[in-house]
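Asks: What follows is a single structure, and I will ask about it in a moment.
The values are calculated or read from the model by the stated rules, or taken from the named source; none is laboratory data. Note that this is a predicted model, so its numbers are computed, not measured. Don't worry about glycine lacking a Cβ; one is built from the backbone with ideal geometry, like all the others, and counts go over all protein chains shown.
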Protein chains: 2
Amino acid sequence: MKNSVTIRDVAKHAGVGVGTVSRVLNNNPSVSDLTRQKVLSVIDSLNFSPSQAARRLSRGKTMAVGVVVPFFTNPSVVKRLQGVISVIATSQYDLVLFDVENAEDRDGLLKNIIQREIVDGLLIISLKPSENDVTEIVEANVPTVIVDAEHPGFSRVIVDNVAGARQATEHLIQLGHHQIAYLNDDPTNPFNNAPTHDRYQGYLQALEGAGIPVRAGYYRQGTLDRESARHLTRELLQLPDPPTALFVYSDTQAIGVLEAARDLGLNVPEDFSVIGYDDIEAAKLLHLTTIRQSLYESGVIGGQLLLEQMLEPSLEPDEVVLETELIVRGTTAPLSS
Amino acid sequence: MKNSVTIRDVAKHAGVGVGTVSRVLNNNPSVSDLTRQKVLSVIDSLNFSPSQAARRLSRGKTMAVGVVVPFFTNPSVVKRLQGVISVIATSQYDLVLFDVENAEDRDGLLKNIIQREIVDGLLIISLKPSENDVTEIVEANVPTVIVDAEHPGFSRVIVDNVAGARQATEHLIQLGHHQIAYLNDDPTNPFNNAPTHDRYQGYLQALEGAGIPVRAGYYRQGTLDRESARHLTRELLQLPDPPTALFVYSDTQAIGVLEAARDLGLNVPEDFSVIGYDDIEAAKLLHLTTIRQSLYESGVIGGQLLLEQMLEPSLEPDEVVLETELIVRGTTAPLSS
DNA sequence: CTGTTAGCGCATTCAC
DNA sequence: GTGAATGCGCTAACAG
């Protein structure tokens with residue numbers, strides 16, 4: 001049966017009051033060494049361990065942080081989560097995980113988490129909270145930090161997507177490409193569409209900077225999976241005047257792009273250059289040229305920000321911007337004339 | 001500030017007692033429709049939501065399940081966890097995640113989880129609990145299920161590793177290979193070494209079944225990473241009489257194997273056949289022939305077993321054995337003479 | 001059907 | 001320094 005030793009049992013056995021036991025439990029200095037030792041030994045012999053539930057109610061703190069992730073399936077999200085886990089594990093907090101797989105999940109999830117008062121802090125990954133959620137969080141005064149999404153009200157760690165996309169596109173331009181297409185994420189994605197817009201902007205900026213006209217026909221958008229990317233790339237490559245290079249919103253999609261090229265008998269990078277974004281594990285395996293963002297590190301920093309925030313709730317929201325890095329591998333090459 | 005509306009406020013505003021409010025909160029049928037409506041509307045207008053902490057203490061239930069995973073880094077573990085998440089999300093339980101990265105973490109973690117009474121149920125993935133942990137769990141009477149590890153005391157979902165390994169090795173034999181090496185996980189791995197032994201047994205059985213003598217020099221073991229596998233494979237391939245085929249404990253290691261073959265200028269599968277185990281995402285990308293185990297499904301079933309177990313704690317431990325499947329892709333071929 | 005009361009196990013006053 | 005009392009917010013048992 002349950003280990004139902006309570007603080008009262010300990011008090012009785014040690015011949016002290018419950019208050020004293022509680023004090024030694026919380027390292028309250030105003031306990032004499034003698035009684036402290038006595039209590040400690042009784043705790044040990046009774047194999048007592050305080051009930052979290054009671055402690056939580058009494059102190060009004062849950063000693064848990066909530067982490068909300070969209071599409072736990074997504075490799076980049078997993079990587080970020082890893083970073084978060086690594087820092088939360090060093091703290092006293094438990095980690096409660098919430099996965100949101102669709103828009104219905106999301107609406108109300110945050111509100112629900114807040115209202116049930118099950119966490120002392122919230123870490124939101126790659127998900128833009130709705131305005132309703134935001135007011136809910138603010139009213140409840142729950143320390144919150146966001147990783148890979150923007151909101152001025154909260155501490156956040158983001159990456160400069162405009163710059164990263166520019167970097168990718170400029171790499172292609174430097175290789176001599178002028179017919180550069182862009183395969184985007186679906187910007188109607190309800191979760192977090194800022195990166196979608198930003199990367200497109202970066203793409204446009206790079207083209208404009210090089211004086212290359214933007215061709216509407218070289219733009220495609222689709223969901224974050226391989227199949228969709230494969231299909232759209234085929235469209236692109238079967239254009240009368242197909243692009244010679246393609247910048248893809250994510251590595252996951254880039255995998256589908258590579259498949260499409262193979263389907264059509266095109267050699268990458270000789271006939272067709274491809275650059276992705278994220279640098280997930282698979283990118284290395286496939287020798288995919290890509291833009292690396294510090295996925296794991298973003299989680300670590302996010303976790304640290306949250307811990308600080310919970311310690312010092314009065315802190316102003318902080319913004320950390322992570323650098324991107326161009327990783328040249330085997331899917332981009334100079335334009336062959 | 002905190003939303004400090006309590007059940008008492010609701011009772012006052014609705015002109016009823018707290019007991020009644022509690023009843024409607026818990027869908028207790030013995031409340032008249034009229035008062036139920038009244039209470040409900042007050043709850044709504046006050047934006048009241050019961051405190052989990054109080055509820056937990058009062059009911060002696062946490063409404064949370066703990067999930068313990070080793071090496072959150074490991075792709076196969078992530079996949080299993082996904083399955084677990086998908087079913088827990090459909091329940092009323094929150095999911096508290098614990099990652100164990102080293103042996104020190106593990107010792108005491110389970111005990112700690114149990115003693116703090118923070119979960120109503122426990123799901124352990126790819127980790128064999130120590131005997132101390134087991135007695136702790138049994139004494140505390142916490143419903144527990146294990147995924148990808150054995151223990152007679154608990155419900156578990158496992159895969160027949162002997163059969164899977166036999167299947168892999170037989171595939172190689174059928175292709176005409178006689179010089180078949182095995183690259184194993186490190187069996188001193190303190191977390192869960194049963195699969196290590198079992199797969200080795202399956203390998204041996206297949207060889208014996210075909211009358212192929214076992215060569216000690218064709219056995220290597222190392223950690224679950226690419227680098228180690230790469231190194232050990234090079235050793236194997238530089239033997240005076242190198243193997244023509246290799247069965248690898250995991251897909252992760254198989255990636256390193258492929259790298260080693262490339263390092264040495266060997267063509268896979270023409271010169272050297274490789275078969276992995278797990279069928280993680282990367283296996284498909286690399287066209288790796290492998291043994292698929294239902295990773296995601298194992299998590300789903302594990303989650304379901306746990307939910308059942310919590311509903312009906314008197315249930316006998318159940319064992320579910322999942323089938324493996326040979327997935328032939330591009331890294332195995334007939335022995336070229 | 002419904003109001004009242006007594007805990008759940010601990011933290012935290014307040015006196016001594 | 002330490003014991004006793006009060007309350008955290010809710011559930012459940014007991015009357016009515």
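Asks: Can you find a residue in region A:55-75 that is under 20 Å from the mean Cα position of the chain (by Cα), among the aliphatic types (A, V, I, L, M) and under 18 Å from residue A:297 (Cβ atoms)?
Replies: Yes, region A:55-75 has at least one match.
Asks: Now, a different point. So, of the residues in region A:174-212 that are in contact with a strand residue (DSSP E or B) (Cβ under 7 Å, 6 or more places away or on another chain) and β-branched (Val, Ile, Thr), which turns out to be surrounded by the most Cβ atoms within 10 Å (Cβ to Cβ)?
Replies: Only one residue tops the list, namely A:180.
Asks: Kindly list the number of the only condition in (1) buried (at least 24 other Cβ atoms within 10 Å of the Cβ); (2) out of contact with any Gly (no Cβ under 7 Å at 6 or more places or on another chain) that fails for residue B:248.
Replies: Exception for residue B:248: condition (2).
Asks: In region A:12-22, how many residues are more than 7 Å from DNA strand D (Cβ to nearest atom) and out of contact with any Leu (no Cβ under 8 Å at 6 or more places or on another chain)?
Replies: Of the residues in region A:12-22, 4 are more than 7 Å from DNA strand D (Cβ to nearest atom) and out of contact with any Leu (no Cβ under 8 Å at 6 or more places or on another chain).
Asks: Considering each of B:105, B:99 in turn, give the residue that is at the interface with chain A (Cβ under 9 Å from one of its Cβ atoms) and in contact with a Phe, Trp or Tyr (Cβ under 6 Å, 6 or more places away or on another chain).
Replies: B:99
Asks: Can residue A:41 be described as away from DNA strand D (no atom under 16 Å from the Cβ), farther than 22 Å from residue A:189 by Cα, surrounded by fewer than 16 Cβ atoms within 10 Å (Cβ to Cβ) and assigned by TED's automatic domain parsing to the domain that holds residue A:11?
Replies: no
Asks: Return yes or no: is residue B:311 among the hydrophobic types (A, V, I, L, M, F, W, C) and in the same structural domain as residue B:220 (by TED's automatic domain parsing)?
Replies: Spelling it out, it is not the case that residue B:311 is among the hydrophobic types (A, V, I, L, M, F, W, C) and in the same structural domain as residue B:220 (by TED's automatic domain parsing).
Asks: Only one of these is surrounded by 18 or more Cβ atoms within 10 Å (Cβ to Cβ) and either in contact (Cβ under 8 Å) with a residue 24 or more places away in the chain or not assigned by TED's automatic domain parsing to the domain that holds residue A:195 (or both): A:117, A:131, A:139, A:104. Name it.
Replies: Going through A:117, A:131, A:139, A:104 in turn, just one is surrounded by 18 or more Cβ atoms within 10 Å (Cβ to Cβ) and either in contact (Cβ under 8 Å) with a residue 24 or more places away in the chain or not assigned by TED's automatic domain parsing to the domain that holds residue A:195 (or both): A:117.
Asks: Filter region A:213-245 down to the residues that are touching a Ser or Thr at 6+ places or on another chain (Cβ under 9 Å) and within 16 Å of residue A:277 (Cβ to Cβ), then identify the one that is surrounded by the most Cβ atoms within 10 Å (Cβ to Cβ).
Replies: Checking each candidate, the answer is A:229.
Asks: For region A:47-78, what are the residues that are farther than 30 Å from residue A:279 by Cβ, more than 10 Å from DNA strand D (Cβ to nearest atom) and buried (at least 16 other Cβ atoms within 10 Å of the Cβ)?
Replies: Listed by number, the residues that qualify are A:48, A:49, A:50, A:51, A:52, A:62, A:63, A:64.
Asks: Which one of A:294, A:273, A:298 is more than 14 Å from chain B (Cβ to nearest Cβ), of a type in the set (Ser, Thr, Tyr) and touching a Lys or Arg at 6+ places or on another chain (Cβ under 6 Å)?
Replies: Only one candidate qualifies: A:298.
Asks: Counting only residues that are acidic (Asp, Glu), give me the strands (runs of 3 or more DSSP E) lying completely in region B:167-264 with at least 1 of them.
Replies: Because the criterion is at least 1 residues that are acidic (Asp, Glu), the strands (runs of 3 or more DSSP E) in region B:167-264 that meet it are B:180-185.
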